[in-house]
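Working notes for the structure below.
The values are calculated or read from the model by the stated rules, or taken from the named source; none is laboratory data. What you see is a predicted model, and the numbers here were worked out from it, not measured in a lab. Positions of Cβ are backbone-derived with ideal geometry, glycine not excepted, and every protein chain shown enters the neighbour counts.
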């Protein structure tokens with residue numbers, strides 16, 4: 001399995017020789033360093049832990065500084081995999097691992113939108129716009145009922161107003177459109193979670209799961 005950490009920069013368009021246009025997201029991906037290789041015998045599962053991004057050593061806690069042994073990273077992430085033999089402690093993983101045409105999945109945290117009503121959060125239609133409507137254009141409507149499905153109370157899980165966004169989302173079957181190791185950028189088809197600057201995890205997908 002191939003994997004990488006990157007930060008979202010913005011969106012662009014990629015044009016092919018046939019004149020086709022594809023929407024793409026530009027990601028900045030510096031090299032990531034393997035900080036630990038976990039095995040089933042000691043840790044109970046197989047995974048590769050990597051560090052990404054610069055950070056001042058003085059800002060690390062003593063346990064983390066001892067774990068990194070003189071190195072410092074802004075972020076530590078791990079990727080679970082069955083076979084970790086291809087990775088060694090201290091080795092670097094760069095953009096060269098990916099090539100145009102690769103199918104990947106991208107995981108990240110979506111934009112936080114704060115407290116939102118049902119129209120924006122769940123796509124409710126709101127009240128009707130005519131026939132005496134005055135203040136109910138974006139109201140959710142009835143949420144209970146004496147003889148309804150909930151027996152006169154508000155059912156658990158009913159869609160209502162509340163905090164929206166800030167959720168971890170994974171988007172699959174995205175295609176790598178362009179890779180520029182010199183500039184440290186990779187362009188992936190379509191939109192990916194998060195705002196500009198969001199840290200994203202890019203992993204390759206098994207061929208059997210491709211839907212394209």
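List of remarks:
- Of the residues contained in the stretch 182-197, none is found to be within 30 Å of residue 141 (Cβ to Cβ), free of Cβ contacts under 8 Å to residues at least 12 places away in the same chain and either more than 15 Å from the chain's Cα centre (by Cα) or assigned to a strand (DSSP E or B) (or both).
- Summed over the stretch 157-205, the residues that are surrounded by 17 or more Cβ atoms within 10 Å (Cβ to Cβ) and modelled with pLDDT under 90 give a count of 1.
- Per the conditions (1) more than 18 Å from residue 86 (Cα to Cα); (2) modelled with pLDDT under 90; (3) over 26 Å from the mean Cα position of the chain (by Cα), the sole criterion not satisfied by residue 40 is (1).
- Looking across the stretch 1-53, the residues that are under 23 Å from residue 67 (Cβ atoms) and loosely packed, with under 15 Cβ neighbours inside 10 Å come down to 39, 40, 41, 42, 43, 44, 45, 53.
- Here residue 109 meets the list (1) surrounded by 12 or more Cβ atoms within 10 Å (Cβ to Cβ); (2) under 34 Å from the mean Cα position of the chain (by Cα); (3) without any contact (Cβ under 8 Å) to a residue 40 or more places away in the chain almost entirely, failing just condition (3).
- Test: residue in the stretch 77-95 that is surrounded by 13 or more Cβ atoms within 10 Å (Cβ to Cβ), touching a helix residue (DSSP H, G or I) at 6+ places or on another chain (Cβ under 8 Å) and at pLDDT below 90: no
- In the stretch 119-127 there is at least one residue matching the filter, namely being outside the structural domain of residue 45 (by TED's automatic domain parsing), in contact with a helix residue (DSSP H, G or I) (Cβ under 7 Å, 6 or more places away or on another chain), at pLDDT below 90 and assigned to a loop (DSSP other than H, G, I, E, B).
- Some residue of the stretch 39-60 being in contact (Cβ under 8 Å) with a residue 40 or more places away in the chain, in a loop (DSSP other than H, G, I, E, B) and in contact with a helix residue (DSSP H, G or I) (Cβ under 6 Å, 6 or more places away or on another chain): no
- Criterion (in contact (Cβ under 8 Å) with a residue 12 or more places away in the chain, in the same structural domain as residue 55 (by TED's automatic domain parsing), closer than 29 Å to residue 185 by Cα and over 25 Å from the mean Cα position of the chain (by Cα)) met by exactly one of 71, 82: 71
- Set side by side, the residues 10, 30 differ, and just one is under 22 Å from residue 188 (Cα atoms), assigned by TED's automatic domain parsing to the domain that holds residue 99, within 19 Å of the chain's Cα centre (by Cα) and in a loop (DSSP other than H, G, I, E, B), which is 30.
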